[in-house]
Every structure is written in structure tokens, then in C-alpha cells.
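Only one structure is covered here, and it is reproduced in the block below.
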Amino acid sequence: MGEKVVEARGVSHAYVRKRPTLKDVSLDVAPGELVAIVGENGSGKTTLARHLNALIPLQEGELRVVGIDVRDAANVWELRRLCGMVFQNPENQFVSSVVGEDVAFGPKNFGAGEKDARLAASSALAAVGLEGLERRDVHALSGGQQQRVALAGVLASGPQVIVLDEATSMIDPRGRDELVRTVLAARSERGAAIIWITHDMELAARADRVVVMREGEVVAQGAPEDVLTDEDLLSSAGLEPPLVVRTWRVLQAAGAVLGPAPVTVEGLVSALCA
Amino acid sequence: MRVTLDGVTLAYEGAPGEKVRALDAVSLAVEGGVTGVMGQTGSGKSTLLEVMAGVLAPDAGRVLVDGRDASGGAGARLLAASVGLVLQLPERQFFESTVEREVGFGLLARGISTREVRRRSERALALMGLSLDELGGRSPFSLSGGQQRRVAIASVLALRPSLLLLDEPTAGLDPRARRACLEAIRAAAQEGATVVVASHDANALAAVCDCVVALEDGRVTLDGTTRELLGNAALMREHGLEGACAARAASALRRAGVAVSGAPLTAEELAAAIVAGRSS
């Protein structure tokens, strides 16, 4: 199965003529892959993400998501069913203030009957650890719970690609950890590919692949061990390596350690215990 | 400026007829430097800042500014003239047509000359890593998210408040904007302002704060120096919070049997603690 769930070729975009926000972006994502996209504000991460389910019309290049050409207007709802998004601010993405209704909105909107939509909603709420909260007011939930309701709304539609755009930046550490756990479970249980746009380098370090964007271009992509240890690359993109990498560099300079820098705390522990 | 909260309690109505206690007998004092306020969503951080700013009046207890009761008279006037409050997502409150007018608005309202307004706006924007010449004529709504946040913070810094209160100033900022924001917070404290920052971001607080308080269900549960709290990942975890990344790594190393001394807050301190642990 060499099928890709995202195939972008030479995608370019400009909101204002001659001020491109995306320049010739090519990117493949495999089924079940966890891809982190990092870059400064204004580097084009969100614009790229919004192309994936045709929230922004494609101006130039080719883009297929789960086999659907994003220009194919007849399939735009199927595209949005298969590629769901969770945004930064939980409060901005609810269509109903009642948890169960909000989560059922997606399946209903994509043509499911009332009963099937409710079943899909209940099962998605269980998947995010919020079973039984169907009748609660979304605004009475914590930020982390709200983001999981948003994620349940995406899961209820049976997506193959889930895009999270800065989805953890407004919630507390406990909420963030819950969301990360839930997303990783959705990936392993449903095989959905995850595209995680983030400023959090500790989070990016846990991805299969890290994509670095700068001024609308993909300037590098690869395993976290390669990308997040390349200080020159990161600094040219206005980014910093994770704390673990910075610590390793200090230890290396002091002659205290040898070998490639780990990128996660777990990696640091095993490198120092070896 | 010295701000003292003495047994401050405040409740608001959640569901009809149901009172939610946002602050519960909170007593603390801040004077100079940067104080961090940690706590989970709903723990009362934002309410605490709003009480300190005089935006919300406590149901019980007192707020004192430089020893004067802030609930009325001279104390209330002193607080109103001294405080700068940066709310969460301050960029949502933009209303002017250009960045220059947005940043200068509060100063002009205070009757300061246009020349002085321009000078102070320029300086405040520069502190946040932005240029008035470059952005002054643009609509604040046309800026990127990170630029908008920095313009919003600059518009408060331009007032040179002696009490600067910021709610989640770094949320969603990229590393460069975040660094500029943290440096501006430090600079304000160095110029003598009393600064209070509420945030989930343990690393940001570790970088700027002299001391930290933690709230849980409206009560102060921890109160100490930045190192005592954010350097102690195990203690923070016990309270459902997070220590600085270096402290969390140190704690993970200790659990794996690697000797690591002290309470590191930065990569450099963590490396030094690992080296020291080996030679001991």
C-alpha cells in the first residue's frame, strides 16, 4: 500500500498578489503517520493546513487528500469528512452548546441519520474519554475537555487525516497531556494520519517526521532526531531545538557525553543510562 | 508598587442560582519583580489578576495598594492610574484603524503630547521587537497573530504602568515573539514595575519570574521562589501542575537512577547538574 493520504505538489498561494504565503510546497503524508509542522508565525503552516480540506481554495499546484482532488467541488463534503481539523481556540469551533449535539453535527452534516449520528457521537465521546457527557454544556467544560469535544466531533465523522492547528497552546498542561494521549490513541486504533502544527518542540520531538516551514516554503523535513538536532536549520527558521538537545550540546562541549543528541526526555534518560 | 490581598474571596454565578467560588480567602503580597501565577484552567488565575487590577471587587477581604484600601477614594484612584492589564487574547480588543493609533490610544487619552506619544509608542513596540516606522500605518487586523499580540502588549507597556498584570501573554506565540515578550516583561520589572504573569507555560515563567504562587480551586496552595517551585517537578506534579522542562528531565533521570543534583531551570543548569551528579 504505497497510497498517500496527503499528496501536495508545487502548492503556491497568495492572499495578496506578489506576497506569497505558500511557495511551491510539496509534501506527502502516509496513512497513520504523525507529522509535526513547525515554523514561525506567518511561515505558512496554517495556510497549508487550511488547504487540506479546501477551507482555502487551491490557486496553484496539485493537492490530493485521501485520493480526493481538493479542486473537486462535488467531493468537498467527503473531503471534509475524511480530513478533520481542530483549531487553537476551543470556544471558536462549536456549532452547538450541548456536547452530544455538537459532536453529532459532523456525521449529520455528512448525511448520517439522526440515530446513526447519535451513535457515532457517543462512540467518539467514549474514544476521547468523555463518555456520558452528551447533555453537558460545552462552556462548562475545561479547555482541555473542550478540545477533546472538538476532537470527538472530528472522530465521529471517521476521518483518515486529523489536522491539529496549535490545538494545545491555550489549554493547561493536564489538558494538553490528555489531548496528546487521545490523539495518539486515535491514530493507533483508527489508523488516522495526524498533522500537528505546533510551537511546542517537546511535542514535535514525538512525531514520526518533522516538517520545517519558513516564509511559505518547506525548508526541511525528516526524523525528529535529524531535524530537531540541526541548530543552524532551526535558527534560520526562527526556531529553537528542544531543551534536551540544548542540554546535550552543553554536555558534549564539556566532554561529558558522546554520540548523537537525543530529542526527548525518554531519549536523554536512555542515553545517560546506557 | 506594593499590592496586598488580604483574605480575598469572590464568587460568581455559574448556572442560575449556583455560586462558584473563584477566589477563596486569598492572601498574598507582591512588590517589585515578577511574580508568576500558575494553576489549572478554572483555578482562579484570571480572576486574581482582575481583582488586583481593580476590575472586580472582592465579596470579602481587602486589596491594598501601597497600604491604601483600593476599594474607593485615594487608593482606588492610585490603582487606576498605576495599573496596566493585558487580558487573554488582547488582540481581540483592537478597535483602531492603524497600529500607531492603537498603541497611542491610552497615552492620548491621558493628555500626553503627540510627540511624546510617538516616542513612547516607538519604544514600547521596539521592546516587543516591532518597528513603529514599519507597522505604524498598517491596520492592526492585517498583522500576523504573533505581531497582533505584541502590538497589544506594547499598547499597555507604552503607559509604563507601575503595576503590570498579564494573563497568558505567551500562549500561541512563536519562539521569537515569545522571547521578545519575556524580555519586555523583565525590562518592565527592571524599570521598577511590579509585574504579575498568569500562565500555563512553566518554561516561560521559569525564565522571567522571581517567585511563583499556585492556585487550586481559588486557594493559594504553593507560594515560593521560582526555583523552589518550578525547579521541583515532583512537587508541581503533586499539585497537578508542571515544573520547568529542565526540572522534569532531572526528575525523570532521578527516577531512572541517574544522580542529578539541585533544581535546574535551564539547559545549562541541567547539564551542570548531570556533570555534578557524576562526579559525586
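Listed values, structure above:
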{"quantity": "For A:E202: the one exception among (1) closer than 24 Å to B:M236 by Cα; (2) touching a His at 6+ places or on another chain (Cβ under 8 Å); (3) in contact (Cβ under 8 Å) with a residue 24 or more places away in the chain", "calculated": "(2)"}
{"quantity": "Checking B:E168 against (1) more than 11 Å from chain A (Cβ to nearest Cβ); (2) under 20 Å from A:S169 (Cβ atoms); (3) within 12 Å of the chain's Cα centre (by Cα), the condition it does not meet", "calculated": "(1)"}
{"quantity": "Whichever residue in the range B:68-120 is in contact with a helix residue (DSSP H, G or I) (Cβ under 8 Å, 6 or more places away or on another chain) and among the polar types (S, T, N, Q) and, among such residues, is farthest from A:M170 (Cα to Cα)", "calculated": "B:T114"}
{"quantity": "Any hit, the range B:49-69, residues being buried (at least 16 other Cβ atoms within 10 Å of the Cβ) and either within 14 Å of B:L215 (Cα to Cα) or touching a His at 6+ places or on another chain (Cβ under 6 Å) (or both)", "calculated": "yes"}
{"quantity": "Among (1) over 30 Å from A:F105 (Cβ atoms); (2) buried (at least 20 other Cβ atoms within 10 Å of the Cβ); (3) at pLDDT 95 or above, the one test that A:Q221 misses", "calculated": "(2)"}
{"quantity": "Failed item, numbered, when A:T182 is tested on (1) away from chain B (no Cβ under 12 Å); (2) surrounded by 20 or more Cβ atoms within 10 Å (Cβ to Cβ); (3) modelled with pLDDT of 95 or more", "calculated": "(3)"}
{"quantity": "Residue satisfying condition, being more than 14 Å from chain B (Cβ to nearest Cβ), under 15 Å from A:D165 (Cα atoms), in a strand (DSSP E or B) and of a type in the set (V, I, T), within set A:V35, A:V11, A:V25", "calculated": "A:V35"}
{"quantity": "Selected residue (criterion: nearest to A:D177 (Cα to Cα)) from residues of the range A:128-144 that are surrounded by fewer than 20 Cβ atoms within 10 Å (Cβ to Cβ) and more than 13 Å from every other protein chain (Cβ to nearest Cβ)", "calculated": "A:G129"}
{"quantity": "Test: residue in the range B:254-261 that is in contact with a Leu (Cβ under 6 Å, 6 or more places away or on another chain) and at the interface with chain A (Cβ under 10 Å from one of its Cβ atoms)", "calculated": "yes"}
{"quantity": "Output for the range B:118-156, where each listed residue is assigned to a loop (DSSP other than H, G, I, E, B) and surrounded by fewer than 18 Cβ atoms within 10 Å (Cβ to Cβ)", "calculated": "B:G129, B:S131, B:G137, B:R138, B:S139, B:S144"}
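Yes/no matrix, rows are residues, columns are (1) surrounded by fewer than 18 Cβ atoms within 10 Å (Cβ to Cβ); (2) at pLDDT below 95; (3) within 12 Å of chain B (Cβ to nearest Cβ):
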site	(1), (2), (3)
A:M213	no, no, yes
A:G216	no, no, no
A:T229	no, no, no
A:P242	no, no, yes
A:V245	no, no, yes
A:L258	yes, yes, no
A:G267	no, no, yes
A:C273	yes, yes, yes
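The values are calculated or read from the model by the stated rules, or taken from the named source; none is laboratory data. These figures come from a predicted structure and were not determined experimentally. Note: ideal-geometry Cβ built from the backbone for every residue, glycine included; neighbour counts use all protein chains shown.
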